[in-house]
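Okay, so here's the structure we're looking at.
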Amino acid sequence: MRNVAIVGIGQTPVGELWHKSIRHLGHDAIVAAMKDAGIETADALYVGNMLSGELAGQEHLATLIADFIGLRGLEAAKIEAACASGAAALRVGFMAVASGQADVVIVAGVEKMTDTPIDETTAGLALAADQEYEVAEGATFVALNAMLMQRYMHEYDVSHREFAPFPINAHANAQNNPFAMFRTPITPDKYEKAAVIAPPINILDSSPVCDGAAAVVLVPLERAREFGHRQRVVRIAASVTATDTLAIHDRRDPLWLEAAYLSSRRAYAQAGLGPEDIDLFELHDAFSIMSVLALEACGFAPRGRGIDLGQSGAITLGGRIPITTMGGLKARGHPVGATGIYQVVEAVQQLRGEAGANQLPHAHVAMTQNIGGSGATIITHILVGED
Amino acid sequence: MTTLLKPQRDVGIVGYGAYIPRYRLPAREVSAMWTDGTTEPPITEKAVPGLDEDTATIAIEAARNALSRAGIAPTELRAIWVGSESHPYAVKPTSTIVAEALGAAPLVQAADWEFACKAGSEAIVAAISLVGSGMADYAMGIGADTAQGRPGDALEYTAGAGGAAIIIGPATQAIAHFEGSLSYVTDTPDFWRRPQAEYPSHGMRFTGEPAYFHHIITAGEMLMQALGRTAADYRYVVLHQPNVKFPVRAAQQLGFRPEQWETGLLVDRIGNTYAGASIVGLTAVLDVAEPGDRILVISFGSGAGSDAMSFVVTERIYDRRLLAPTTADYIARRTVIDYATYLRYRGKLKMH
């Protein structure tokens, strides 16, 4: 196995991008990443995407985008793992380079969610849940996460307002990210008064439906210096996928993200690191409750105490374990199949020292975690900046 | 190539009339029913048609007022065109009902227009062209609607009822001289209703920037440019008004001030009268305008497009406007109803 480096990153602004089709979004992010890496062609293109077939009536997406950007001839495939599609595609790209099957691989995440009426988009997202046992009962992802949040509040005697630091931190960090969807700060008061979607989840607990695309370029580590001309090279130190039951009610403890536990533990072992070595954690804050559960499962807090990391300020840029450093899913936005790549692009920005006003002073090791469904597929990557 | 629509023969508005049903549903009734009163309503109240009212009866009332002001016989009309998205029949024209009720049939062009909320202004532009070409001396364009909003939907707060009729005739008889118009349309699916569907669908925030604002502002800017005018040349501006926020923001972006748009902005008190909205606003302006006042009207219809029209008021306004009830009279004539009565009047209760 070869070591793999990320030598190029690209992203489009996240938002309601009605003037861009899915192929244009893919084009914009990929061309930016190729330019960043200084490449004009590649061996393979893997595209993470969840809903192009359902919402745009377009499958065969990776080949479509490859053709559109003038890369006809290369290997191309779409990878789908619900909201974890982006990281799943990255993992395929990682394996292609690590195994020696390919030398230069482009991995993109693309999603277009706002060209369809919201009920169609919501129904599309629900395809990631258990159709027979969850969706047939009327559950959407907001409903499923609302039950988790309610259970957490009950189990650990936590009030709703104690979740406020998570979206507040995300919005604060998004202010300095020109690609983020919501660049306005929010206050605890605004959080408490926000419109409720499914109790106790309110609109500021929930990541937005949006469009966006992000891309990275992977090469073997030993050749990384030939590309991109960056002072720091970013190495993928760990890439692990773990799975759990699709339906929440099949889990022994619904408040324990077993797949996050498994993928993070295996990732720590692969990288030879532990939670104490992680300088920043781009986690999957699709809903506030998911941030808390991920922090607990990945070893940053004991069970029932992940909420404290918000209260203590540990999750902020100056804290012990900064999360969502460029806005996260909540404020940068959550174009589902693209999210996993946005997380990696932002982690690379931090490790390269290119995160602008949000730059962490000592960013050497970053962890990203992309979740599909309500925790059924969880993919963890650890990235290390090397001088 | 000219983009300005201007007939060879000078024409103008020779008669106008509005009609607003008397019932009012306060928007807080909708908020109380569907969101426990937590939603801040976009308007104060909307006009609701009574049990025996529909687009045809609204059009007839407005047309009679327009005929009174024009001082012509109904048989002098060579066209009656009704724009609406709530024609009582899917197949069978509203306009023949109106023509017959007015006594204008049978020697008259009659047809219905459909372009969401732009159908009324489209009918007026057609009337301008018929008279402007010399084919006819008088033609009437009507915009009227009894708009539907799905219970609990954002549109239920605003989907109102009302209409207005404009009679176009020779400029020598005009109470407002027509200076020119410009139409701007694209295939933009911001709002639609499929056959057999009881309620329309809409694209949430997509109805804003790419639909309403893009078309209204582009049409307005292009018309003013073609006529060599600026916002300062106008005493009044009337925009399509699906809520209060949109027309105010669009008018600001076009360079207008509150005193220019306030007279024609009625949505807060009658709701969105769809194909009627911008034309009812125009009638409210004509009720108070002075000779020499210039008026800019910009409609918007989903799907999507805008007609921008420029008029200058003449001396004849003084005598004619007293010949029928004013739009303000209809707005003041109000009976407040609750949500349950609204459901009954709008036929939302399944009886069979």
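Values for this structure:
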{"quantity": "Chain A - mean residue ellipticity at 222 nm from DSSP helices (-39,500 (n - 2.57) per run, n ≥ 4, rounded to 500)", "calculated": "-10000 deg cm²/dmol"}
{"quantity": "Label-point gap, in nm, between A:K35 and A:I203 - each point 7 angstrom along Cα→Cβ", "calculated": "3.5"}
{"quantity": "Per-residue mean of C-beta atoms belonging to partner chains within 10 Å, peptide A:209-219", "calculated": "0"}
{"quantity": "Rounded if a/c under 1.5, otherwise prolate or oblate - the protein assembly as shown, Cα gyration tensor axes", "calculated": "prolate"}
{"quantity": "The stretch B:210-352, relative contact order in percent, only Cα pairs under 8 angstrom and at least six apart counted", "calculated": "25"}
{"quantity": "Antiparallel DSSP beta bridges within chain A, percent to nearest 5", "calculated": "70"}
{"quantity": "Pairwise FRET efficiency - A:T122 versus A:D387, Cβ, R0 = 45 Å, nearest 0.05", "calculated": "0.45"}
{"quantity": "Ordering of B:239-246, A:176-183, B:285-292 by burial proxy (mean other Cβ atoms within 10 Å per residue, highest first)", "calculated": "B:239-246, A:176-183, B:285-292"}
{"quantity": "Relative exposure of A:E111, B:E315, B:E156, judged by other C-beta atoms within 10 Å (fewest first)", "calculated": "B:E315, B:E156, A:E111"}
{"quantity": "Bridge type composition, the protein assembly as shown - antiparallel percent by DSSP, nearest 5", "calculated": "70"}
{"quantity": "Average partner coverage of A:55-62, which counts Cβ from other chains inside 10 Å", "calculated": "0"}
{"quantity": "For the stretch B:56-106 versus the stretch B:290-308, the gap between their alpha-carbon centres in whole angstrom", "calculated": "22"}
{"quantity": "Compactness of the stretch A:243-303 as Cα Rg over 2.2 N^0.38 Å, two decimals", "calculated": "1.13"}
{"quantity": "Percent RCO, i.e. relative contact order, over the stretch B:82-128, from Cα pairs under 8 Å lying at least 6 residues apart", "calculated": "49"}
{"quantity": "Three-way shape label, the stretch A:66-137, alpha-carbon gyration tensor, a/c 1.5", "calculated": "oblate"}
{"quantity": "Stretchable slack from B:E209 to B:L107, in nm (0.36 nm times residue separation minus alpha-carbon distance)", "calculated": "32.3 nm"}
{"quantity": "Part-to-part distance (alpha-carbon centres) for the stretch A:335-376 and the stretch A:65-89, which is given in Å", "calculated": "20"}
{"quantity": "Alpha-carbon centroid distance for the pair the stretch A:230-255 / the stretch B:144-187, whole angstrom", "calculated": "56"}
{"quantity": "Sorted by Cβ neighbour density within 10 Å, fewest at the top, the residues A:S52, B:S133", "calculated": "B:S133, A:S52"}
{"quantity": "Average beta carbon contacts from partner chains per residue of B:202-210, 10 Å cutoff", "calculated": "3"}
{"quantity": "Mean separation of Cα contacts under 8 Å (6+ apart) over length of the stretch B:213-277, as relative contact order %", "calculated": "36"}
{"quantity": "Dipole of the stretch A:128-179, positive end: most advanced residue of A:Q175, A:V135, A:P165 [Cβ charges, Cα centre]", "calculated": "A:Q175"}
{"quantity": "Value of [θ]222 nm, deg cm²/dmol, for chain B, DSSP H segments ≥ 4, -39500 (n - 2.57) each, nearest 500", "calculated": "-8500 deg cm²/dmol"}
{"quantity": "Prolate/oblate/rounded label for the stretch A:170-301 (Cα gyration tensor, a/c 1.5)", "calculated": "oblate"}
{"quantity": "Most to least packed among B:194-204, A:243-253, B:7-17 [average Cβ atoms within 10 Å]", "calculated": "B:7-17, A:243-253, B:194-204"}
{"quantity": "Packing-based order for B:106-113, A:272-279, using average beta carbon neighbours within 10 Å, highest first", "calculated": "B:106-113, A:272-279"}
{"quantity": "Packing-based exposure ordering (other Cβ within 10 Å, fewest first) of A:L295, B:L343", "calculated": "B:L343, A:L295"}
{"quantity": "Long-range lysine pairs (8 or more apart or interchain), the protein assembly as shown, Cα under 21 Å", "calculated": "13"}
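Computed from the coordinates by the stated procedures, all read-outs in this text should not be read as laboratory data. Predicted, not measured: the structure shown is a model, and the values here were computed from it. We place every Cβ from the backbone using ideal geometry, glycine too, and count neighbours over all the protein chains shown.
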